[in-house]
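One structure below.
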Amino acid sequence: MRSAVLGVVLLVIGTIAVLTGVLPAPEALGIADRVWPILLFVVAITVVAELAADAGLFTLVASRLVRWGRGSTWLLWLLVVALATLSTVFLSLDTTAVLLTPVVITLARHAGLSPVPFALTTVWLACTASLLLPVSNLTNLLAEHAIDEAATTSGGGPLGPGGFAALMVVPAIIAVVVPCMVLAIVYRRQLAGAYTVDVEAQDDDRVLLWTSGLVVLVLLPLLVSGIPVWMSAVGAAVILVVVFLIRRPAALRPALVPWQLVLLASGLFLVVEAAHALGLARALASIAGTGDSLLALLQLAGVGMASANLVDNLPAYLALEPVAGDPVRFAALLVGVNAGALITPWAALATLLWHARLTAADVEFGWGRFIALGFVVAPLTVALATVGLWLAQGAGAVLP
């Protein structure tokens, strides 16, 4: 509700900016035309993820991981790392933080293990693994449009999902590996040893379960096919809604739609656009640097990380977008605002939602420890991922 209230306040401020002429109406309509497909995708993919979770798909996958772990805690954790990474890359960071977290907590408890390292894995990878594809993060969907414009202006053509992945693949891999190495060191004792395989039988509607699995399986390649992602996500959501309407209509509740996030994002888009009209981009240009040298990319990524932890990664990206300029600098900015959003609780909305799931599951993990660990892993991840981006650029591996 706090997100919804803040979103309404921001929408009111943005509306006042339009009515008073601070933000010209054509520019407000332009930002609306740019973001409606993004928000529609967010709504549709959330509905798909929620219904798939309700059908028992995530629980089924988790039970398989317990078996595949063969009693080795280290192997089980690595399987969770793989699942969290794939979930984030294809279904977005919010799916991992909100829907996968309760699953891995249950998984750990059934195996007689501490749920903390598994839960922290999901929230860290929800942010750091969200670099590879446009659909992985709302900031990426925004950046995809700007990157395509920058690439076209420089004489190339739109990158598309494949080109975006080629641009981000090296920093994306590093941004997954570094947090996992920190987790492996910090929680080495909890991850050592063995566990007893004890998986409870699921009592799920088989039609819903297998339909959800098939829909998700078909959706994943469609999200990187070049078809507008909102079309694929809406189609998948419609199929699942129809099947649930027949098999389990009680699951079709208003809470499936992330209206709080839509309100918040809409308000942020409008207010940041108004701030740009007042000269925000000019003010930020002096601290964001210019050029594609290693120091310039580190500077931009660092400013992005600091901004995300001060005000949340979405407004941080929107504020800094005009000072990026070219695809490589956009990539560095995404590294900063996505992989760097690990210090403050509000740096990513997914983190707040994740902690609410921990509280609901009676898992204690204080914000003080979260912030302390974040101060270690965030700068390290951002710095190394940015260096990887720069090296890939120099090796000619960044752009196709």
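The table for this structure:
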read-out: Any hit, the stretch 219-237, residues being of a type in the set (A, V, I, L, M), over 30 Å from D312 (Cα atoms) and part of a helix (DSSP H, G or I); value: no
read-out: Options T139, T152, T128; residue that is open to solvent by 20 Å² or more (accessible area, probe 1.4 Å), within 26 Å of F330 (Cβ to Cβ) and among the hydroxyl-bearing types (S, T, Y); value: T152
read-out: Filtered residues of the stretch 312-354 (kept if under 20 Å from G279 (Cα atoms), hydrophobic (A, V, I, L, M, F, W, C) and outside any helix (DSSP H, G or I)); value: A324
read-out: Condition broken by N309, with the remaining ones in (1) part of a helix (DSSP H, G or I); (2) closer than 24 Å to L334 by Cα; (3) modelled with pLDDT under 85 satisfied; value: (3)
read-out: Residues satisfying the stated conditions in the stretch 330-357, i.e. out of contact with any helix residue (DSSP H, G or I) (no Cβ under 6 Å at 6 or more places or on another chain) and over 15 Å from T88 (Cβ atoms); value: W346, L352, H355, A356
read-out: Residue in the stretch 241-261 that is modelled with the lowest pLDDT, counting only those that are in contact with an Asp or Glu (Cβ under 9 Å, 6 or more places away or on another chain) and not in a loop (DSSP other than H, G, I, E, B); value: L261
read-out: Residues of the stretch 233-279 classified as under 17 Å from D94 (Cα atoms) and open to solvent by 40 Å² or more (accessible area, probe 1.4 Å), total; value: 5
read-out: Residues of the stretch 105-123 classified as in contact (Cβ under 8 Å) with a residue 60 or more places away in the chain, buried (at least 24 other Cβ atoms within 10 Å of the Cβ) and touching a Ser or Thr at 6+ places or on another chain (Cβ under 9 Å), total; value: 3
read-out: For P254: the one exception among (1) within 22 Å of the chain's Cα centre (by Cα); (2) within 30 Å of L11 (Cα to Cα); value: (1)
read-out: Criterion violated by V178 - all others in (1) open to solvent by 10 Å² or more (accessible area, probe 1.4 Å); (2) among the β-branched types (V, I, T); (3) in contact with a Pro (Cβ under 6 Å, 6 or more places away or on another chain) satisfied; value: (3)
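The values are calculated or read from the model by the stated rules, or taken from the named source; none is laboratory data. In this text the structure is predicted, and so the values were computed from the model without any measurement. Positions of Cβ are generated from backbone atoms using ideal geometry, with glycine treated the same way; all protein chains shown enter the neighbour counts. The protein model used for the area step is the full one, side chains on, heavy atoms only, and it has no ligands, DNA or RNA in it. Shrake-Rupley method; radii C 1.70, N 1.55, O 1.52, S 1.80 Å.
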